[in-house]
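S.K.: Below: one structure in structure tokens.
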Amino acid sequence: MSDHTEAIPFIAFREPDGFVLTDEARAFLSELDNKPLGIISIVGKYRTGKSYFVNKVLLDSNENKGFAVGPTINPCTKGLWLWKKPISVANENSGEEFNVLIMDTEGFGGIDENVNHDTRIFLFSLLLSSYFIFNSVGNIDENALNSLSLIINLAKDVKIKNEGEPTEEEIAEAFPSFLWCIRDFVLEMQDTSGMKITSKQYLENSLSHQKGTSE
């Protein structure tokens, strides 16, 4: 098990109130300096190594420190959690320094939760993040695309302004940057002719219209 003393609950689910901002998070956020703030979050199905990925890649932890991970079939992360140590980053264009917080989220599809619960976790992550990582295991298949479609459909319901349809520029400003992290992928990337393709081409091919499937 990881030593996660620097991880604090951010938004927790508590009966009968539902999702609430925790006192720990409120106190931590109020103590941050006045630098601009960004949040990197990771979402995906439960027990697919989201927390492990964050610990090893984003927190660069080579010791047993980071968000909680475990060997059982039960989800380790419940609600949304923050790493208590901001990462100082410089804007590559302006050089301005800003703080980045790492946010781990409860995995969707847990046997003890319903779709409505998962939807709220997705929405919190989508609306709070500057950079949104979608974590999945194996090749891009129907299950992976169904999970991604949930994010897209949720995004359609988010209201950006009071009147009129938002422009593409307004949508881009309102939503976080997106990264799809595909784990344990061992297949060779080739097209139907056997030619090698890039990861971007593989994604585009997977998202293309197929006969006999729904929108």
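The values are calculated or read from the model by the stated rules, or taken from the named source; none is laboratory data. Values in this document were obtained by computation on a predicted structure and should not be read as measured data. We work out accessible area using only protein heavy atoms, side chains counted, and drop any ligands, DNA or RNA first. Shrake-Rupley method; radii C 1.70, N 1.55, O 1.52, S 1.80 Å.
S.K.: Using only the alpha carbon atoms of the stretch 88-200, find the Kirkwood hydrodynamic radius as the inverse mean reciprocal pair distance, in angstroms to one decimal.
M.R.: Numbers: mean 1/r = 0.0588 Å⁻¹.
Result for the stretch 88-200 stands at 17.0 Å.
S.K.: Same structure, new question: 5 Å is the cut-off here: which amide hydrogens, built 1.01 Å from N in the peptide plane, fall below it relative to Val137, excluding neighbours closer than 5 in sequence?
M.R.: The answer is Arg183.
S.K.: Given a 1.4 Å probe and every protein chain left where it sits, what share in percent of the accessible area of the stretch 80-146 is carbon and sulfur?
M.R.: With neighbouring chains kept in place, the figure for the stretch 80-146 is 50 percent.
S.K.: Please tell me which of these pairs span more than 26 angstrom C-alpha to C-alpha: Lys56/Lys196; Lys50/Lys85; Lys45/Lys65; Lys56/Lys85; Lys35/Lys85? Please list the in-between numbers first.
M.R.: Working: Lys56/Lys196 30 Å; Lys50/Lys85 19 Å; Lys45/Lys65 22 Å; Lys56/Lys85 15 Å; Lys35/Lys85 14 Å.
The pairs that break the limit, which is 26 Å between Cα atoms, are Lys56/Lys196.
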